[in-house]
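Worksheet: the structure to be examined is printed underneath.
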Amino acid sequence: MAERGCPLEAVPLPAEVRESLAELELELSEGDITQKGYEKKRAKLLARCVPLIQGVDPSLQVENRILGPAQASAPVPKQPKPRPSNARDERFRSDVHTEAVQAALAKYKERKMPMPSKRRSVLTHASVEAYTPPDTSSASEDEGSLQRPGRLASAPLQSRPSVEPWPEPAIQGSSTSSSASSTSSHPGGQPAATPSAAAALASPAALTHVDLHSAPPDVTTGLVQHQHAYCERPQMTSVRGVPRGCRGSVLETAGGVPVSSRVSSKIQQLLNTLKRPKRPPLKEFFVDDLEELLEVQQPDPNQPKPEGSQMAVLRGEPLAEGSWPPSLLAALQQWGTTQPKAPCLTALDTAGKAVYTLTYGKLWSRSLKLAYTLLNKLTNKNEPLLKPGDRVALVFPNSDPVMFMVAFYGCLLAELVPVPIEVPLTRKDAGSQQVGFLLGSCGISLALTTDACQKGLPKAQTGEVVTFKGWPPLTWLVIDGKHLTKPPKDWHPALQDAGPRTAYIEYKTSKEGSTVGVAVSHASLLAQCQSLTQACGYSEAETLTNVLDFKRDAGLWHGVLTSILNRIHVVSIPYALMKANPLSWIQKVCVYKAQAALVKSRDMHWSLLAQRGQRDVSLSSLRLLIVADGANPWSISSCDAFLNVFQARGLRPEVICPCASSPEALTVAIRRPPDMGGPPPRRAVLSMSGLSHGVIRVDAEEKLSVLTVQDVGQVMPGANVCVVKMEGTPHLCKTDEVGEICVDSSATATAYYGLLGITKNVFETVPVTAGGAPVSDRPFTRTGLLGFIGPDDLVFVVGKLDGLMVVGFRRHNADDVVATALAVEPMKFVYRGRIAVFSVTVLHDDRIVLVAEQRPDASEEDSFQWMSRVLQAIDSIHQVGVYCLALVPANTLPKAPLGGIHVSETKQRFLEGMLHPCNVLMCPHTCVTNLPKPRQKQPEVGPASMIVGNLVAGKRIAQASGRELSHLEDSDQARKFLFLPDVLQWRAHTTPEHPLFLLLNAKGTVTSTATCIQLHKKAERVAAALTEKARLSAGAHVALVYPPGVDLIAAFYGCLYCGCVPVTVRPPHPQNLATTLPTVKMIVEVSKSACVLTTQAIMRLLRSKEAAATVDARTWPTILDTDDIPKKKVASIFRPPSPDVLAYLDFSVSTTGILAGVKMSHAATSALCRSIKLQCELYPSRQIAICLDPYCGLGFALWCLCSVYSGHQSVLVPPPELETNVSLWLWAVSQYKARVTFCSYSVMEMCARGLGAQTAALRMKGVNLSCVRTCMVVAEERPRIALTQSFSKLFRDLGLPARAVSTTFGCRVNVAICLQGTAGPDPTTVYVDMRALRHDRVRLVERGSPHSLPLTESGKILPGVKVIIAHTETRGPLGDSHLGEIWVSSPHNATGYYTVYGEEGLHADHFSARLSFGDTQTVWARTGFLGFLRRTELTDASGERHDALYVVGSLDETLELRGMRYHPIDIETSVIRAHRSIAECAVFTWTNLLVVVVELDGLEQDALDLVALVTNVVLEEHHLVVGVVVIVDPGVIPINSRGEKQRMHLRDGFLADQLDPIYVAYNM
């Protein structure tokens, strides 16, 4: 790759300019300077050197300089030529990687993705403390997301002319302008009149990788004119499928797509990105028609396979037989007594001053003092608190190595086992609970700490240290000198030889976040010190600077243990000092002339950024620079860059010694200094694709997707190493295969403390050859490192088992993905390089999630731009899709103790919806390739074959009927009166004073009553007014616009008295005229009403100025108010010539938004009343309570018709009154001892929500529901089991019988098909397989089985009603337990739709359908609902077995996706369960995309947590990919009066951009 270096390399920049540039880069990367300030300063610096480089854009010149150094894959000679210094943010960046990323991104230039849109108030994100306000000047043109050439870290790939800024001043201003229109502009939850910021932000970033030569298309076109049009949230914005004349102009386009919609153009973009198939579809599917089996992914036959020979076990050099002391404590005693003045450890403060130097003499005497105190001075009820072998927690801050060392050796001398842990700062530290679990499992009751540290711990009120969450109760012992007791002269600790007893326990956090203790024995401890001494060539009295954490890992092994063996002087550099002065460790090497230094890549990187102006540092004293994380993919570039800069300051290249280690095996390998005879260092350029298949391929030609790794040296002395397969039996790998490195050595740890099972698996592995023979008689320890053995027996590590993500059949390493993401412009974007990558299991496969902290000043476009580029880079380099990419505000990811990110805690927060990202991009379409194959529609079985098939299978045809009416004709007036007006006159004559209606107000007082005679007289007055005032003749249509009450009933009978046809209409809502008044007007027009009857108040409202803004007052027909009509009798009461004459029109808007009016004849009206009377046993002596809307369907029939027909008294409770007094309905039921009561789901929900916690208070008020025999929910949908059950449970305390609650079922063609009634068996519940339902099949399963869906019967079929289940397409009859359309035949079926523009042909068959086979004579009405019948074991009143009807859902609402039929409610139920903040949800489809709208009941900042959870749950439970997730405020999803979601209105509102969403995520 060297030839790809930049042609400009010949002209070096002067050293001081390079150093100034480096400083600038640092300021920018740490956020101390704005991008604009950075530009200016950099231009100034470069201006001085412009004469040197003629004709090249200065900003390009520097970028290209950086990408020059290339990495050779050949073995590096001992003295590489000095490289030009890298003045660039080199964090984790291999030059190859950056170049690869740029090249990868260049491929994707044309792909455009829709950018998520976000409400402005969300942009002002919670993390205020981390927010640096954007520089106001930075909103100028050059702040567009990709404009200036210098912003891209692109190698010589893009030398381009200067670019025109985008010609959209409005957008330029908005990108960084302040978030003035935040939540405050939403009084009372109403959306603001201005469009969301998303409108302004949509345009620039709708392009993923902007084509730099053309202005982007403006997807906001057309939005500007309508900016202030939508001020109100739509309740019912539009009604679909109605005469064209009435539709609003917004929805005038073909297919209902609003032209002015930004949303639909974004969806079009999304569809365009999805049209390109990402990968060829896999051929093999195993699909049984009933089972949706997930696709079984087949391995790629062309994938690379290992071809090498089987590896041999690699043996390290023997451990030198020397005069080693018998144990580490013996060495401590030796130095403590013979060299007491020798320095052992120097501690520094945060200013870098040496605060204390511990000598070997002091360490020995203080450790003795502590050991004596621990063993003799701590008692519990006169028993010693500790006995040898007990575990003790060591809690010391990183700034106090001296006390830690004393505590550690004090414990060893007392034969106690130290367990070093981090200082817990708050009760909620990341991973703190897991540490508590470790302490508990180790049986720890004592914690040692310092005085200062103990003072800083959080305290309870008693002054004691609090008990942290999940921790056992601890005694805290402060070990500062004054608290310890000097041992008597004759007391000596027992210095035993190093044996198998546990010496100390080091904690380790696994991939899942659980914390385990790794136990190291005294023998291993000594062996580790000896082998490190031999490998590193430590000699007596050397000096070592240690930057690492001294409590664990290499920092402990070198800086606390091996140092004692060799009387080394350790200079310990605390993390806080490194943060304040990243050069401190280099300065200390220089001051103390240290021979060895122990660092991580991060420390080298930080010092690179800060080295300007340090003329006087010299690293010539170093003979050993140990890089503890040399196995990470980014360590190689840190080492290279560090050498580049510091070779001039005396650093010799051969000094750098990367090493690899793991908690289980301790040090696995380390590069030997060449003066100790090690081989020259090597590096390998490996194919990323080969690695993902576990194969090593040195990559020669494909320079993009490669991983460059350096060796981590040779095996430790006295150790044997082999590489075994990761899964299954530990077979030895081939020489060109990646596997897990295993070590057999006396220096490894011995066990996971207290966990025998996994200990055996990890610490006692027996590798075997291909033939199955063990390679050694000694067990090996698994290291958790993945790698291979290279030339010269050098060890190479390419990843960790903990970071392994297996996607499909390929393995990817989290660290490699992090490195790729960081190579995409990190300094502009990722805050301090903080990125976490992990995998989550969705649909039985690992999915990659990447979470990064974004810089506080990053704009929306920047974020989206960066995210889409990261996706493309990872896709190109790793050939794997990222499932979810989330950005969180700076400083919000959980931190590991010494910097770094706590990955398992991050993953936990992601899965629990507690991450609170500020940007999310999901790509389920590209990642999820194992969905079941879309169902192919089979050629339909003909109806005749279906019947025969059912007969052969012994299944009966699914049909059922209610009781026969002829047997039930009772002696009363049913036969006499075919017409309701006759019944009312007869009642007024025979029982004039019998009360029929009582109307209650919110206080529970009766506001009006109607006896038979009163109602009759009122009706006469209305009839007279209609004939005389309005001059209407019989057959004219009259709209009744009344609030719920007795006036409405009187007006209804008044119309019948004069032969007019009444149409009941819900009055407009005074506070919401804009959306409710057009619906009133529409029904009046469509029903051809010649007159409007109403109250004075409503008449004034219809003619008011406010109403005129929506509907012109002159367009109304005659309006009569019936408040003060004169007392006149009508000359003669109209008598219809035949029962088939039209009695009334029933108008209702279906859930799919279709306004449908049905015609009810007098015969049907009477038959309906008769059926209900028989089913509910209604007599004049009964009282029933009704809390329903009286405008359509069964609600209207119960409110207006039934009392007159049956003579019972109806207590009317208008549902709007419940808004002021929720308990009104239940109080009325109790007060009037109603045996039968009716309500709607919305009423039931109000009671469950509003009164759930108040049952005791209601009981005190005397509410008692034990009188209720049956409480029926009037609905036209699948019964809502969860709601009815919770209602029953809640009000059981008030005496509500367990089985009282049931549901009814009606629809447009027949308003009452099922009604539980007072007799007959209780409703039954069955559990069906949801997957079978998608294939239109019913399969019963046990309760609680996976994919089970509870369905309850919708009440008993009414007398005179016959029901059959028919196939939706062939119209043949279906067998029992088959899902089909419910058809109904009954005397009270409606006689047809009433529509104006002759669309009756469209729906004619709804009322006059015939079966295509079998009984082809009966005329049925099609309900438009899917359901099934099932014969139960119960018997009904007639002694027959009872047939139960189960309603599954409306056919119009079903979603056809992937060839299957889904019911929205099932998907919505899953979504609502996904997170506690989801209050409500609605789904619909738009051009084959599934759109999920979610109401957020929580903080806007938490909105984005929902996107991933919603996508996950729908994938897992329904095997569907969500296309768009829309997060809105509570109350946005429109609901009709029956409590049903109006999904089509919601869809129209979404497409017309009227929802004012908090966030819209377009899942790629």
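General remarks:
- Members of the range 1399-1413 found to be open to solvent by 60 Å² or more (accessible area, probe 1.4 Å), of a type in the set (Gly, Ala, Ser) and at pLDDT below 80, listed by number: GLY1401
- Within the range 1022-1058, tally of residues that are open to solvent by less than 10 Å² (accessible area, probe 1.4 Å), assigned to a helix (DSSP H, G or I), within 14 Å of ASP1123 (Cα to Cα) and of a type outside the set (A, V, I, L, M): 1
- Scanning the range 1056-1079 for residues that are in contact (Cβ under 8 Å) with a residue 40 or more places away in the chain, out of contact with any Ser or Thr (no Cβ under 8 Å at 6 or more places or on another chain) and closer than 30 Å to ARG1135 by Cβ returns LEU1056, TYR1057, VAL1061, PRO1062, THR1064, VAL1065.
- Within the range 1259-1283, the only residue that satisfies the criterion of being in a helix (DSSP H, G or I) and in contact with a Phe, Trp or Tyr (Cβ under 8 Å, 6 or more places away or on another chain) is LEU1283.
- For the range 1077-1093, a tally of residues being open to solvent by 10 Å² or more (accessible area, probe 1.4 Å), touching a helix residue (DSSP H, G or I) at 6+ places or on another chain (Cβ under 9 Å) and either under 22 Å from LEU1188 (Cβ atoms) or among the charged types (D, E, K, R) (or both) returns 2.
- Answer from ALA430, ALA414 - the residue that is closer than 19 Å to ALA393 by Cβ, modelled with pLDDT under 85 and crowded, with 20+ Cβ neighbours inside 10 Å: ALA430
- The test for being part of a helix (DSSP H, G or I), touching a His at 6+ places or on another chain (Cβ under 8 Å) and modelled with pLDDT of 90 or more holds for CYS1202.
- Residues in the range 535-548 that are surrounded by fewer than 21 Cβ atoms within 10 Å (Cβ to Cβ) and touching an Asp or Glu at 6+ places or on another chain (Cβ under 9 Å): GLY537 alone.
- Residue within the range 1284-1304 that is among the hydrophobic types (A, V, I, L, M, F, W, C), outside any loop (DSSP other than H, G, I, E, B), more than 32 Å from the chain's Cα centre (by Cα) and closer than 28 Å to ILE1382 by Cα present: yes
- Near pairs, Cβ below 7 angstrom, 6+ apart or cross-chain, from the range 1395-1421 (farther than 19 Å from ILE1364 by Cα) to any residue that is at pLDDT 70 or above and part of a loop (DSSP other than H, G, I, E, B): VAL1396/LYS1088
- Enumerated strands (runs of 3 or more DSSP E) restricted to the range 1428-1468, each holding at least 3 residues that are crowded, with 20+ Cβ neighbours inside 10 Å and touching a strand residue (DSSP E or B) at 6+ places or on another chain (Cβ under 6 Å): 1441-1450
- Residues of the range 816-827 classified as in contact with a Lys or Arg (Cβ under 7 Å, 6 or more places away or on another chain) and either assigned to a helix (DSSP H, G or I) or surrounded by fewer than 24 Cβ atoms within 10 Å (Cβ to Cβ) (or both), total: 2
- Pairing residues of the range 759-786 that are free of Cβ contacts under 8 Å to residues at least 24 places away in the same chain and closer than 23 Å to GLY718 by Cβ with residues that are outside any helix (DSSP H, G or I) and open to solvent by 10 Å² or more (accessible area, probe 1.4 Å), at Cβ distances under 8 Å and at least 6 apart in sequence or on separate chains, gives THR759/ALA751; THR759/TYR752; GLU764/PRO779; PRO774/VAL766; PRO774/VAL768.
- Considering the range 724-737, the residues that are open to solvent by 10 Å² or more (accessible area, probe 1.4 Å) and assigned to a loop (DSSP other than H, G, I, E, B) include one that is nearest to PRO779 (Cα to Cα), namely PRO730.
- Single condition MET914 does not satisfy, out of (1) over 30 Å from ASN398 (Cβ atoms); (2) in contact with a helix residue (DSSP H, G or I) (Cβ under 8 Å, 6 or more places away or on another chain): (1)
- Residue list for the range 489-509, filter: at pLDDT 85 or above, open to solvent by 60 Å² or more (accessible area, probe 1.4 Å) and in contact with a helix residue (DSSP H, G or I) (Cβ under 9 Å, 6 or more places away or on another chain): HIS492, PRO500, ARG501
- For the residues VAL591, VAL627, VAL645, VAL617, the requirement of being without any contact (Cβ under 8 Å) to a residue 24 or more places away in the chain and either at positive phi or of a type in the set (Val, Ile, Thr) (or both) singles out VAL591.
- Among residues of the range 32-46 that are open to solvent by 40 Å² or more (accessible area, probe 1.4 Å), those with a Cβ under 6 angstrom from a residue that is outside any loop (DSSP other than H, G, I, E, B), sequence gap 6+ or separate chain, pair up as THR34/SER138; LYS36/SER138; LYS41/LEU24.
- Condition check for ARG1249: part of a helix (DSSP H, G or I), within 24 Å of GLY962 (Cβ to Cβ) and either open to solvent by less than 20 Å² (accessible area, probe 1.4 Å) or not hydroxyl-bearing (Ser, Thr, Tyr) (or both): no
- Selected residue (criterion: nearest to LYS551 (Cα to Cα)) from residues of the range 452-469 that are touching a strand residue (DSSP E or B) at 6+ places or on another chain (Cβ under 9 Å) and open to solvent by less than 40 Å² (accessible area, probe 1.4 Å): CYS453
- One residue from ALA1090, ALA1143, ALA1097 being without any contact (Cβ under 8 Å) to a residue 24 or more places away in the chain and closer than 21 Å to ALA1025 by Cβ: ALA1097
- From VAL355, VAL392, residue being surrounded by fewer than 21 Cβ atoms within 10 Å (Cβ to Cβ), of a type in the set (A, V, I, L, M, F, W, C) and assigned to a strand (DSSP E or B): VAL355
- Residues within the range 764-805 that are β-branched (Val, Ile, Thr) and open to solvent by 50 Å² or more (accessible area, probe 1.4 Å), tallied: 1
- If you go through the range 1257-1298 and pick out every residue that is open to solvent by less than 60 Å² (accessible area, probe 1.4 Å) and touching a residue at least 12 places away in the same chain (Cβ under 8 Å), you end up with 29.
- The listed residue being buried (at least 23 other Cβ atoms within 10 Å of the Cβ) and touching a Ser or Thr at 6+ places or on another chain (Cβ under 7 Å), out of LEU625, LEU666, LEU691: LEU666
- Qualifying residue in the range 551-565 (condition: farther than 27 Å from TYR409 by Cα and touching a helix residue (DSSP H, G or I) at 6+ places or on another chain (Cβ under 6 Å)): no
The values are calculated or read from the model by the stated rules, or taken from the named source; none is laboratory data. Please read these numbers as outputs of a predicted model, since none were measured by experiment. Counting neighbours? That spans all protein chains shown, and the Cβs are built from the backbone with ideal geometry, glycine included. Side chains are part of the model used for accessible areas, which takes the heavy atoms of the whole protein and leaves out ligands, DNA and RNA. Shrake-Rupley method; radii C 1.70, N 1.55, O 1.52, S 1.80 Å.
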